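Only one structure is covered here, and it is reproduced in the block below.
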Amino acid sequence: MKFTQFFLLLALLAIGACKDDDNGTTGPVTLKYDNANASGPLLDAGEHELAVRFPASTMAEHIGKKLTEVEVFVGNLPEACYLRLYGQGSASTPGSKFYDGDVLNSITPGQWNTFKLSPAQTITGEDLWIGVYVEHPARINTIGCDAGPRRTNGDWLFSGADLSWLTYQERTGEGVNWNIRGRVE
């Protein structure tokens, strides 16, 4: 009987020791606000940046982990496309840009695209903005969105026409979330 209790205690200790130190979660985590792709907004010709913001309050549990890749649904192929990461700014404007990668030649239009970050970026616990900069010569949809409803920080849009960050809802009255996701490991 003592051997059975000993082995039961040993098994419980082994199970407890196998958990990660971050509240018991294991494996990669996807940072996102969106649901499945429904469409994409028609944006005028010019420069635009579509972004999602993850406030420090949501990033604290990931401190020390790495943002390893970003997934984006791309509708039509833009003329230029850059994946950009920004740090702590204000609630309505990103901070300093710390990653800027040309991803145009890696895009397959009409589907989800995964862009591996090289190097992977360490999560500091500050705000994290994940943006996709696009240029196009005509009115087209480039970055996808879900059908809504809008979630706070899921629809930031910078326009080259007015040089300002506003939510897509503020610009159009429509409530959607960009199909932009970050993978943390």
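The values are calculated or read from the model by the stated rules, or taken from the named source; none is laboratory data. No experiment lies behind these values; they were computed from the predicted model shown. Positions of Cβ are generated from backbone atoms using ideal geometry, with glycine treated the same way; all protein chains shown enter the neighbour counts.
Being farther than 23 Å from Thr58 by Cβ and either of a type outside the set (Ser, Thr, Tyr) or outside any strand (DSSP E or B) (or both) narrows it down to one of Pro78, Pro94, Pro149, so name that one. So that I can check it myself, show each step before the final result.
Working: Pro94 fails: farther than 23 Å from Thr58 by Cβ; Pro149 fails: farther than 23 Å from Thr58 by Cβ.
On inspection, the qualifying residue turns out to be Pro78.
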Checking Ala120 against (1) closer than 26 Å to Leu166 by Cα; (2) touching a residue at least 24 places away in the same chain (Cβ under 8 Å), which single condition isn't satisfied? (1)
Tell me, yes or no, whether the stretch 25-43 has at least one residue that is at pLDDT 95 or above, hydrophobic (A, V, I, L, M, F, W, C), surrounded by fewer than 20 Cβ atoms within 10 Å (Cβ to Cβ) and in contact with a Lys or Arg (Cβ under 6 Å, 6 or more places away or on another chain). yes
Against the definition (surrounded by 17 or more Cβ atoms within 10 Å (Cβ to Cβ) and over 16 Å from the mean Cα position of the chain (by Cα)), how does Trp156 come out, yes or no? no
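So if I check each of Glu135, Glu170, which one is modelled with pLDDT of 95 or more, in contact with a Pro (Cβ under 7 Å, 6 or more places away or on another chain) and not in a loop (DSSP other than H, G, I, E, B)?
On the way: Glu170 fails: in contact with a Pro (Cβ under 7 Å, 6 or more places away or on another chain).
The match here is Glu135.
Matching residues to (1) touching a helix residue (DSSP H, G or I) at 6+ places or on another chain (Cβ under 9 Å); (2) among the polar types (S, T, N, Q):
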site: Asp127; (1), (2): yes, no
site: Pro137; (1), (2): no, no
site: Thr142; (1), (2): no, yes
site: Cys145; (1), (2): yes, no
Yes or no: Leu157 in contact (Cβ under 8 Å) with a residue 40 or more places away in the chain, closer than 21 Å to Asn76 by Cα and aliphatic (A, V, I, L, M)? yes
Those residues of the stretch 37-63 which are in contact with a strand residue (DSSP E or B) (Cβ under 8 Å, 6 or more places away or on another chain) and of a type in the set (Gly, Ala, Ser), in sequence order: Ala38, Ser39, Gly40, Ala45, Gly46, Ala51
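Condition check ((1) surrounded by 13 or more Cβ atoms within 10 Å (Cβ to Cβ); (2) touching a residue at least 12 places away in the same chain (Cβ under 8 Å); (3) under 16 Å from the mean Cα position of the chain (by Cα); (4) on the phi > 0 side of the Ramachandran plot) across all residues:
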{"site": "Pro78", "(1), (2), (3), (4)": "yes, yes, no, no"}
{"site": "Leu83", "(1), (2), (3), (4)": "yes, yes, yes, no"}
{"site": "Gly87", "(1), (2), (3), (4)": "yes, yes, yes, no"}
{"site": "Ser90", "(1), (2), (3), (4)": "no, no, no, no"}
{"site": "Ser96", "(1), (2), (3), (4)": "no, no, no, no"}
{"site": "Tyr99", "(1), (2), (3), (4)": "yes, yes, yes, no"}
{"site": "Val103", "(1), (2), (3), (4)": "yes, yes, yes, no"}
{"site": "Ile107", "(1), (2), (3), (4)": "yes, yes, no, no"}
{"site": "Phe115", "(1), (2), (3), (4)": "yes, yes, yes, no"}
